[in-house]
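A short worksheet on the structure shown next.
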Amino acid sequence: DVKVTQSSRYLVKRTGEKVFLECVQDMDHENMFWYRQDPGLGLRLIYFSYDVKMKEKGDIPEGYSVSREKKERFSLILESASTNQTSMYLCASSPGNRGNEKLFFGSGTQLSVL
Amino acid sequence: QQQVKQSPQSLIVQKGGISIINCAYENTAFDYFPWYQQFPGKGPALLIAIRPDVSEKKEGRFTISFNKSAKQFSLHIMDSQPGDSATYFCAASMNSNSGYALNFGKGTSLLVTP
């Protein structure tokens, strides 16, 4: 089974801190994604990557950056955390080719910014 | 801007009943329409998906109905069971040179009562 592992289940940070959320997948998938999930707003795409060192902005990239130095690892960075970034963050991966678009999600990181 | 509109926000169905969740989209370039199921504390998982070349797809008790001209698709859960209680997300994506990313609806919280 594909495994997508997010480094922390719960994280509490202070306003202004730099925050790193790490995600690792073990199935050699081309595509990796970061979504944010908020009640009543569903899943919103922050960034995605379709290859090592390649990235594309999603719908809500402001305040975030990403890094993909190795194929299996995709990091989400909050340069200066703010309270409105308190949310559930979900990482996902997929094989990437047409006909194989299934996303595999991690269990999420609940981030609280105080 | 939400590219996929989902309704209702919440749904209560009796055991054995039919659960129906609807989604609508605007972008005619979308060519892949999946439904994801999410249980509390878990990431979403693919339930069933359809492409616009067919009008219906059935997998067990779950059916997607797709209306290309109306730009709508829906999930039907027949003989709903308490174990189906979860949040359901519809989504849509299109293939592009830089890969693809799923655009999700806001989700429907389904409760199936005994």
Subject >> Listing of strands (runs of 3 or more DSSP E) fully contained in the range A:39-113 that carry 3 or more residues being of a type outside the set (Lys, Arg) >> reply: A:42-51, A:64-70, A:73-78, A:87-94, A:109-113
Subject >> Answer residue from the range A:79-111, given it is in contact with a Phe, Trp or Tyr (Cβ under 8 Å, 6 or more places away or on another chain) and among the hydroxyl-bearing types (Ser, Thr, Tyr) and is surrounded by the fewest Cβ atoms within 10 Å (Cβ to Cβ) among those >> reply: A:109
**OP:** Select from the range A:40-55 the residues that are facing another protein chain (nearest Cβ under 9 Å) and surrounded by fewer than 17 Cβ atoms within 10 Å (Cβ to Cβ) and list them in ascending order.
**Re:** A:40, A:41, A:51, A:54
Subject >> Residues being of a type outside the set (Ser, Thr, Tyr) and touching a strand residue (DSSP E or B) at 6+ places or on another chain (Cβ under 6 Å) - total across the range B:19-31 >> reply: 6
Subject >> Search result, residues across the range B:37-52 that are within 21 Å of residue A:9 (Cα to Cα) and at the interface with chain A (Cβ under 8 Å from one of its Cβ atoms) >> reply: B:41, B:42, B:43, B:44, B:45
Original post:
Of all residues in the range B:56-85, which are touching a residue at least 24 places away in the same chain (Cβ under 8 Å) and at positive phi?
Top reply: B:71, B:79
Original post:
Any idea which residue in the range A:26-38 is surrounded by the most Cβ atoms within 10 Å (Cβ to Cβ), counting only those that are under 21 Å from residue A:78 (Cα atoms) and more than 9 Å from chain B (Cβ to nearest Cβ)?
Top reply: A:32
**OP:** Could you please find all residues in the range B:18-37 being under 19 Å from residue A:88 (Cβ atoms) and without any contact (Cβ under 8 Å) to a residue 60 or more places away in the chain?
**Re:** B:37
**OP:** Please work out which one of (1) among the hydrophobic types (A, V, I, L, M, F, W, C); (2) within 14 Å of chain B (Cβ to nearest Cβ); (3) within 13 Å of the chain's Cα centre (by Cα) is the condition residue A:77 fails and give its number.
**Re:** (2)
Subject >> residue B:69 vs. criteria within 12 Å of chain A (Cβ to nearest Cβ) and surrounded by fewer than 15 Cβ atoms within 10 Å (Cβ to Cβ) >> reply: no
Original post:
Given B:55, B:93, B:10, which one is within 11 Å of another protein chain (Cβ to nearest Cβ), over 12 Å from the mean Cα position of the chain (by Cα) and surrounded by fewer than 16 Cβ atoms within 10 Å (Cβ to Cβ)?
Top reply: B:10
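All of the numbers you see were taken from the coordinates with simple rules; none came from a lab. In this text, all values refer to a predicted model and were calculated from it rather than measured experimentally. For neighbour counting, all protein chains shown are included, and Cβ atoms are generated from backbone atoms with ideal geometry for every residue, glycine included.
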